[in-house]
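Just below is one structure, and these are the notes that go with it.
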Amino acid sequence: MTIRRKAFIAGAYEHPGRELPDRSIAQIHAEVALGALADAGLTLADVDGYFTGGDAPGLGGLAMADYLGLAVRYMDSSDMGGSVYLSHVGHAAAAIATGKCSVALITLGGRPRTTALRAPGQLMGAPPEAAFEPVFGMNVSAVYALAAARHIHEYGTTSEQLAEIKVAASLHAQHNERALLRKVVTVEDVVNSPMVSSPLHRLDCCVVTDGGGALVLVNEDIAKSLDRHCVAVLGHGEAIEHTKGGWQDVTVTGGVRSGRDAFEEAGVSRSNIDYVGLYDSFTITVLLALEDLGFCDKGEGGKFVLGGTLQAPFGKLPFNTDGGSLCNNHPANRGGMTKMIEAVRQLRGEAHSAVQVPDCEIALAHGTGGWLSTRMGNATVILGREDA
Amino acid sequence: MTTGAELPAPVPEVQPETAAFWEATSRGVLLVQRCTACGTSVWYPRFLCSNCHSSELKQVEASGRATVYSFTLTTRGILEYKDCGPYVLALVELEEGPKMLTNIVECDPETLSIGQSVQVVFHDTGAGSALPRFRPAA
């Protein structure tokens with residue numbers, strides 16, 4: 001049993017806004033739903049499967065299904081942080097493959113830039129680690145910094161190597177008129193920017209923006225009936241990593257397992273990948289993903305990114321050609337959705353001409369949600385051009 | 001730089017399964033659970049062993065000695081730490097094995113290093129518990 005080529009991405013839409021003070025979060029979800037469905041040539045009335053994460057207002061997907069007027073026969077409101085939309089692609093493809101639904105809608109929306117973000121996962125009370133982490137001042141950039149500091153210690157990785165990741169993202173973002181940060185930066189700019197949580201500088205961190213995105217997945221019959229060029233889901237994997245009772249290795253993510261499973265299901269190898277969308281909450285998140293997905297050996301990520309490896313269109317492994325979350329956007333503080341959307345653009349040949357990867361046939365999108373060093377949700381999706 | 005007793009000491013929410021742990025901290029004792037089935041020491045305290053899933057865990061008095069596994073000088077505190085200035089958040093590896101998230105205090109962050117020996121100190125929360133933090137070992 002496999003999802004390989006059983007489901008097709010027919011619609012993808014990224015909200016154009018980066019500051020949306022006049023929208024409710026529900027309205028942002030609705031706008032991206034309409035955008036993705038219009039891209040597919042479908043309507044809300046066609047949707048029978050709905051997938052959303054913890055950014056959706058209300059209990060699970062109930063409130064948004066009501067708000068959107070969906071006739072849903074399959075719903076998944078699972079959450080693992082900002083990577084969950086990649087997980088949802090796998091879940092939607094499995095639901096389509098088994099006939100549980102035929103048109104699956106995935107939505108993301110949020111306003112962390114212009115309003116206080118509702119804390120996800122707090123509905124049912126504080127989590128069990130609450131008395132052992134926040135009391136010590138645990139914060140997001142700090143736990144990512146702990147992984148970076150340990151990687152530097154074990155492997156000799158440098159801040160300059162991490163900065164190469166931001167440089168590549170900024171080179172791409174200059175072509176994206178909607179990107180929050182379009183200025184091209186240098187390695188020196190990154191390492192001379194203020195320290196946020198050592199060894200991570202301000203420019204090692206992603207942006208904070210409002211916005212959202214949506215995807216529409218359909219079964220093969222519907223894909224064939226649409227005028228739109230669709231993208232095949234070839235494989236998916238996901239993995240949760242956590243502290244293991246205090247025995248974690250903070251330099252390793254669940255990408256080792258989610259990547260292995262996705263490659264196995266897709267039946268492709270690392271050398272087949274033309275483009276990668278990697279959730280870039282911080283530069284270190286990208287470095288660990290490159291290693292754990294097997295594009296280079298553990299500890300070699302710092303050397304791997306040198307020499308323009310990640311720079312489109314001609315680098316060895318072009319990544320995040322929209323500028324990613326390091327430069328473009330980070331709706332709802334969740335970066336998995338936009339990694340999928342840009343991967344779909346690449347496979348459709350619809351990325352900006354300056355960063356379109358020539359003859360892009362196979363792409364990988366990958367996310368690390370939650371927190372490095374403590375607990376994270378990883379998901380990997382491998383996509384193929386419809387005719388590839 | 002906030003590296004001493006002026007660091008906030010938020011009151012932890014005590015659960016039935018963590019009451020013994022927090023009571024011990026008020027006496028200056030760091031307890032670590034050890035699984036009697038597989039022998040693994042576990043952090044943070046909980047109902048079952050995250051290694052073998054046995055619920056036969058016993059409380060063991062930890063030595064209080066640890067080494068720095070990783071650390072960061074962070075400027076982005078939230079909640080009680082929002083306005084306290086930069087502080088060191090660290091993962092330390094306890095002598096008993098598991099790593100715990102904590103703070104390194106009474107130190108110069110510029111000279112702190114991974115692998116350095118540290119010793120537990122307790123900061124009273126004023127509510128019948130104390131936060132186990134670490135300072136460089138003498």
The set of residues whose placed amide H lies less than 5 Å from the amide H of B:Ser41, leaving out same-chain residues fewer than 5 positions away, is B:Cys35
When region A:255-388 is reduced to its Cα atoms, the Kirkwood hydrodynamic radius in Å:
14.6
3J(HN,Hα) from dihedral phi, region A:185-195, Karplus parametrisation 6.51/-1.76/1.60, rounded to Hz, x for glycine, proline:
10, 10, 4, 5, 4, 5, 6, 9, 6, x, 6
Contact order normalised by length for chain B, with contacts defined as Cα pairs under 8 Å and 6 or more residues apart; what percent is it?
27
With solvent modelled as a 1.4 Å probe, how much accessible area in total do chains B and A shield from it at their shared surface, in Å² to the nearest 100?
2900
From the phi angles alone, apply the Karplus equation (6.51, -1.76, 1.60; θ = phi - 60°) to region B:79-88 and give each ³J(HN,Hα) in whole Hz, x where the residue is Gly or Pro.
6, 4, 9, 4, 10, 8, x, x, 8, 9
I'd like to know how the protein assembly as shown sits against the 2.2 N^0.38 Å rule of thumb: what's its Cα Rg over that expected value?
0.98
Note down the Stokes-Einstein diffusion coefficient of region A:273-320 in µm²/s, whole number, using a Kirkwood radius over alpha carbon pairs, 10 °C, and 1.306 mPa s.
149
Three principal axis lengths of region B:19-136 [C-alpha, angstrom, descending]
43, 33, 23
Going down the list A:Lys166/A:Lys298; A:Lys166/B:Lys82; A:Lys244/B:Lys82; A:Lys183/A:Lys303; A:Lys166/A:Lys339, which pairs span over 18 Å between their C-alpha atoms?
A:Lys166/A:Lys298; A:Lys166/B:Lys82; A:Lys244/B:Lys82; A:Lys183/A:Lys303
Straight-distance crosslink candidates among aspartates and glutamates, where the alpha carbon sits under 18 Å from A:Lys100 and sequence neighbours closer than 8 are dropped
A:Asp46, A:Asp48, A:Asp76, A:Glu220, A:Asp221
With x for Gly and Pro, the residue-by-residue ³J(HN,Hα) of region B:50-63, computed from phi through the Karplus equation 6.51 cos²θ - 1.76 cosθ + 1.60 at θ = phi - 60° and given in whole Hz, is 6, 8, 10, 6, 5, 9, 8, 9, 10, 7, 10, 6, 6, 5
Can you work out the PRE-style zone for A:Ala38? Point 7 Å along Cα to Cβ, and I want the residues of region A:317-335 with backbone N under 17 Å.
none
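The values are calculated or read from the model by the stated rules, or taken from the named source; none is laboratory data. Fair warning: this is a prediction, and the values are worked out from it, not measured in the lab. Glycine gets a Cβ as well: all are built from the backbone with ideal geometry, and neighbour counts include every protein chain shown. Surface accessibility is based on the protein's heavy atoms, side chains included, excluding ligands, DNA and RNA. Shrake-Rupley method; radii C 1.70, N 1.55, O 1.52, S 1.80 Å.
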